[in-house]
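Trainee: The structure is given below, and queries will be raised subsequently.
The values are calculated or read from the model by the stated rules, or taken from the named source; none is laboratory data. Given the structure is predicted, the values throughout are model-derived calculations rather than measurements. Positions of Cβ are backbone-derived with ideal geometry, glycine not excepted, and every protein chain shown enters the neighbour counts.
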Amino acid sequence: MFGLLRLDTARLGDTEAFIYEAHYCGLCNALSREYGQISRIMCSYDLALIHILLDAAASANCRIIKVRCPVRLHKRRACLRDESSLLADISVLLCYEKLIDDEHDEPQETVRFIKAYVQRKYHRCRYRLQRKNFDVSYIHDLLVGQRAMERDLVHNFSKISERSALMMKYILGFLSEMLGLSASDQETFEEMGYNLGRWIYLIDSLIDFEKDSSMKRFNPILLKCNFSGTKAVLHEIPETVKSEITIFLDEVLKKIRNCLERLELRRYQRLIRYAFINALREKTDIFLKALKNVSCGSRCDFDIIDATLAGTCFPRVAFASQSNESICGSCAGPLISCAILACLFKWIFQCLSGRGGCFPCSTEPKTVRVDSG
C-alpha cells in the first residue's frame with residue numbers, strides 16, 4: 001500500500017475531517033506505543049481509511065480520547081480501538097515487505113539501513129500477528145510469487161495484479177473476522193480488498209511508468225507497449241493499451257462501489273462514500289487524463305500524482321517541500337534522512353507561525369461532494 005487511498009481534507013466537512021484525522025492519529029499513536037516513537041513514520045493513510053471502514057461496520061462506537069503527540073503540541077486527540085494495535089502490526093509488516101521489494105528493485109545502502117532497523121520491529125509484529133492467527137507467511141509468499149511473475153515478464157493486468165489483490169483480500173477479510181462481522185459482510189470485505197489490491201497495483205504501475213522506463217525495470221504497461229526508446233512518456237502509450245487500462249480501472253471501481261452498497265455501515269456513510277467512490281474515481285481520472293496529456297485544471301497532473309504518495313509507509317516520492325503535506329509521511333523513502341531534517345525545520349517554522357501539525361491542513365472551504373447514485 002503506497003498512500004494512494006489518501007483524502008484531501010480540504011474536500012471534507014469539519015466532522016468528516018475530524019473523523020479522518022482522529023483515526024490517522026490513533027494509528028500513529030498505536031505505532032508509537034507498540035514499536036517506539038520513530039515507528040510513527042510507518043503510519044499509512046491507506047490503513048487509516050481501512051480503520052474508518054472497520055469502525056463504520058463495527059457494532060460498537062469507537063472511543064476517542066486525548067493523547068500526547070510529539071508533533072502536534074497544541075492538540076491532543078486520537079481515536080483508539082482494539083484494531084488500532086492490530087493495524088499498527090500490519091503497518092510494520094507491509095513496510096518491511098515493501099523494503100524487501102525495494103531492495104530487489106534498486107539496491108541502495110539507505111534502503112538496507114532502514115530495512116535493518118525495521119527488521120527488529122518486524123520480528124515483534126510477526127510474533128504478535130501469529131498469536132492472533134494472522135498468516136504472516138502467506139503475505140510473504142504472495143510477494144515472493146509477485147517478484148517471480150515479474151521475472152517471468154507476465155504483463156497481463158489481471159494476472160500480474162492477482163498477488164496484490166489476494167494480499168488485500170486476506171487483510172480485509174482477517175480484520176472483518178476479528179471484528180466479528182457477519183459472514184456476508186466478511187465476504188464483501190474480502191471482495192472489496194481484492195479489487196482495491198488490483199486498483200493499487202495498476203495505479204502504482206502508472207506512477208512508476210517513466211521511472212521504470214529510464215531504469216529498465218519491470219513494468220507491465222511497458223511490456224505491453226514495446227517501447228524502443230530510452231525513456232517512455234505516459235501520453236505516448238498506444239491507444240489499445242490506454243483503452244485496456246481504462247476498461248480495467250473502470251471495472252475495478254465499479255466492483256468496489258457495488259461492495260460498498262452491500263456493506264451494512266452503521267456510521268460515517270458520507271465520509272466512506274466519498275473516500276471509496278468519489279476520491280478513487282477522481283484519482284483514477286487524474287491518471288487517465290495524464291495518459292491523454294490533458295491537464296486536470298487545478299494542479300499539474302504529476303503534482304497530484306506525487307502528492308498521493310506523501311504521508312505513506314515509505315513512499316517512493318519524498319514530498320517534504322510541500323507546505324501542506326504531512327510531516328510524518330514525508331519522512332520516508334530513499335531520502336529519509338534528508339526528509340526528516342526538512343520536516344523538522346518545516347515543523348519548527350509552522351509551530352512558530354501557529355500552523356504546526358502532522359496532518360494536512362487547508363484554508364480552502366470544506367465541502368464534501370457525494371454522488372447521488
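Trainee: Scan region 234-280 residue by residue and report those that are hydroxyl-bearing (Ser, Thr, Tyr), more than 14 Å from ARG198 (Cα to Cα) and assigned to a helix (DSSP H, G or I).
Mentor: THR240, SER243, TYR274
Trainee: Please go through region 46-61 and give me each residue that is in contact with a strand residue (DSSP E or B) (Cβ under 9 Å, 6 or more places away or on another chain) and free of Cβ contacts under 8 Å to residues at least 60 places away in the same chain, ordered by number.
Mentor: HIS51
Trainee: Here's another thing I want to ask about it. Mind checking whether some residue in region 106-114 is in a loop (DSSP other than H, G, I, E, B), at pLDDT below 80 and of a type outside the set (S, T, N, Q)?
Mentor: Yes, region 106-114 contains a residue that is in a loop (DSSP other than H, G, I, E, B), at pLDDT below 80 and of a type outside the set (S, T, N, Q).
Trainee: Tell me which residues, restricted to region 242-266, are crowded, with 17+ Cβ neighbours inside 10 Å and without any contact (Cβ under 8 Å) to a residue 40 or more places away in the chain.
Mentor: ARG257, the sole residue that qualifies.
Trainee: Within region 194-233, how many residues turn out to be assigned to a loop (DSSP other than H, G, I, E, B) and under 25 Å from PRO107 (Cβ atoms)?
Mentor: Here the count works out to 9.
Trainee: Could you please give the count of residues in region 133-165 that are touching a Pro at 6+ places or on another chain (Cβ under 7 Å) and either acidic (Asp, Glu) or in a loop (DSSP other than H, G, I, E, B) (or both)?
Mentor: Matching residues across region 133-165 total 1.
Trainee: Still on this structure, I have one more. Would you pick out the residues in region 198-224 that are among the hydrophobic types (A, V, I, L, M, F, W, C) and surrounded by fewer than 18 Cβ atoms within 10 Å (Cβ to Cβ)?
Mentor: MET215, LEU223
Trainee: Sticking with this structure for a sec: Write out, first by first residue and then by second, each pair whose Cβ atoms fall under 7 Å of each other, whose residues are 6+ apart or on separate chains, and whose first residue, in region 188-201, is without any contact (Cβ under 8 Å) to a residue 40 or more places away in the chain while the second is of a type in the set (Ser, Thr, Tyr) and assigned to a helix (DSSP H, G or I).
Mentor: GLY197/SER164
Trainee: Do any residues in region 93-117 that are surrounded by fewer than 16 Cβ atoms within 10 Å (Cβ to Cβ) have Cβ atoms under 7 Å from those of residues that are of a type in the set (Val, Ile, Thr), where the two are at least six apart or on different chains, and which pairs are they?
Mentor: Every condition considered, the pairs that remain are GLU103/VAL111; THR110/ILE336.
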